[in-house]
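Below: one structure, written as structure tokens.
The values are calculated or read from the model by the stated rules, or taken from the named source; none is laboratory data. None of these values were measured; they are calculated from a predicted model. Here the Cβ positions follow ideal geometry from the backbone for every residue, glycine too, while neighbour counts run over all protein chains shown.
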Amino acid sequence: MSRRNLVVIGVSTGGPLTLKALFREIPPLDAAFLIVLHITPQMDYRIAQGLATVASMPVSLAEDGEFLRSGNIYLAPGGFHLQLDGNQRVALCEGARVNYVQPAVDVTMLSLTRQLGGGTLIGIVLTGMGKDGAEGIRHVKQIGGITMAQDQHSSTIYGMPKAAAMTGAVDYVLPPNKIAAKLAELLAPLN
């Protein structure tokens, strides 16, 4: 069984610009990147396209039943919650909003399980209103993952990262460029 590395990023208000700033700095890494951004179905494709213009890895909307592949960036589509089966297979589900949003980061992060056979699991909460991601970050930490939150100075709205940091379960509080550097340090380059 190969080591599978997974990075789950939760973000809301100010997200598209912050994601561009982050992924502009990230080299191709041996991990699947899953972004849960609070967006409507009308906006998701456009945001994925915008991110693809700056990212060093391919960007696509996550599809139901799809297996995440290393060296790819996936954006959770608007109007669905996204859960991961065995940390690798996408399950899109409708259902009530969680933390007033859909997709909700908490739903995705709480579906994660301890990485079997090694592999690094990283949970990140970036700029946004409210507290979505706080429960998720606590869960990622409990199952042995590494956790990060955006710092207040670089956040458009310091709601979500602050709520995550207040759980006491965040390993690193950093601006996007430092998050990118930390990811490059923790994950191997894509060969």
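Being of a type outside the set (D, E, K, R), outside any strand (DSSP E or B) and without any contact (Cβ under 8 Å) to a residue 60 or more places away in the chain is the filter; apply it to region 66-93 and report the residue that is surrounded by the most Cβ atoms within 10 Å (Cβ to Cβ). Selected residue: 76. Of the numbered criteria (1) touching a Leu at 6+ places or on another chain (Cβ under 6 Å); (2) at pLDDT 95 or above, the one residue 115 fails is (2).
There is at least one residue in region 18-35 that is polar (S, T, N, Q), within 14 Å of the chain's Cα centre (by Cα) and more than 21 Å from residue 87 (Cα to Cα).
Among the residues that make up region 125-137, is at least one of them surrounded by fewer than 19 Cβ atoms within 10 Å (Cβ to Cβ) and closer than 21 Å to residue 29 by Cβ? No, that holds for no residue.
I'd like the full set of residues that are closer than 20 Å to residue 18 by Cα and in contact (Cβ under 8 Å) with a residue 24 or more places away in the chain, limited to region 155-170.
Those that are closer than 20 Å to residue 18 by Cα and in contact (Cβ under 8 Å) with a residue 24 or more places away in the chain: 155, 156, 157, 158, 159, 160, 161, 163, 164, 170.
For region 154-174, taking the residues that are within 15 Å of the chain's Cα centre (by Cα) and in a helix (DSSP H, G or I), the one that is farthest from residue 144 (Cα to Cα) is identified as 160. For region 27-65, the set of residues classified as in contact (Cβ under 8 Å) with a residue 40 or more places away in the chain and either more than 21 Å from residue 128 (Cα to Cα) or not aliphatic (A, V, I, L, M) (or both) consists of 27, 28, 29, 30, 31, 32, 33, 38, 57, listed by residue number.
If the condition is being within 21 Å of residue 186 (Cβ to Cβ), of a type in the set (D, E, K, R) and not in a loop (DSSP other than H, G, I, E, B), then region 21-65 contributes 24, 25.
Restricting attention to region 24-52, the residues that are within 22 Å of residue 159 (Cα to Cα), modelled with pLDDT of 95 or more and either in contact with a helix residue (DSSP H, G or I) (Cβ under 6 Å, 6 or more places away or on another chain) or among the hydroxyl-bearing types (Ser, Thr, Tyr) (or both) add up to 3.
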